[in-house]
Amino acid sequence: MSEPGAVATGYRNRMNLLQYFGIDWFATACGLAAVFLLGNKNKLGFLVFMMASVSWITFGLYVGSYAIVTGSSIFLVMHFRGFLKWRREELQNRFMETQELKVAK
């Protein structure tokens, strides 16, 4: 015969895919989507990466991992910097194009 509580223990040991309310899955999906977007030279990838970082920070706080919170916070700042830098270069390129059009006329 099995011991009392063996069924409950077995249930707890099985993997629960939504153990963390899906925050970890959402963060993973955002990270993969962001890599895809940046690979296609789409600056929205930085914004999606920021969503992933916020999700990982939330996850880290929930599970009590200061390493995840610290690392994800640093990644959040780096992704924000990347987005601003890309945007700045885009604006400079547009400005240069308008200047070239004025000179050509």
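Bear in mind these aren't lab numbers, they're just calculated from the coordinates by the rules spelled out. Everything quoted here is computed from the prediction, not taken from an experiment. All Cβ positions, even for glycine, are placed from backbone atoms using ideal geometry, and neighbour counts span all protein chains on display.
Filtering segment 32-53 down to residues that are touching a Phe, Trp or Tyr at 6+ places or on another chain (Cβ under 6 Å) and small (Gly, Ala, Ser), which residue is nearest to residue 70 (Cα to Cα)?
53
Can you name the residue in segment 59-76 that is in contact with a Ser or Thr (Cβ under 9 Å, 6 or more places away or on another chain) and of a type in the set (Ser, Thr, Tyr) and is also surrounded by the fewest Cβ atoms within 10 Å (Cβ to Cβ) among such residues?
Out of the qualifying residues, it is 73.
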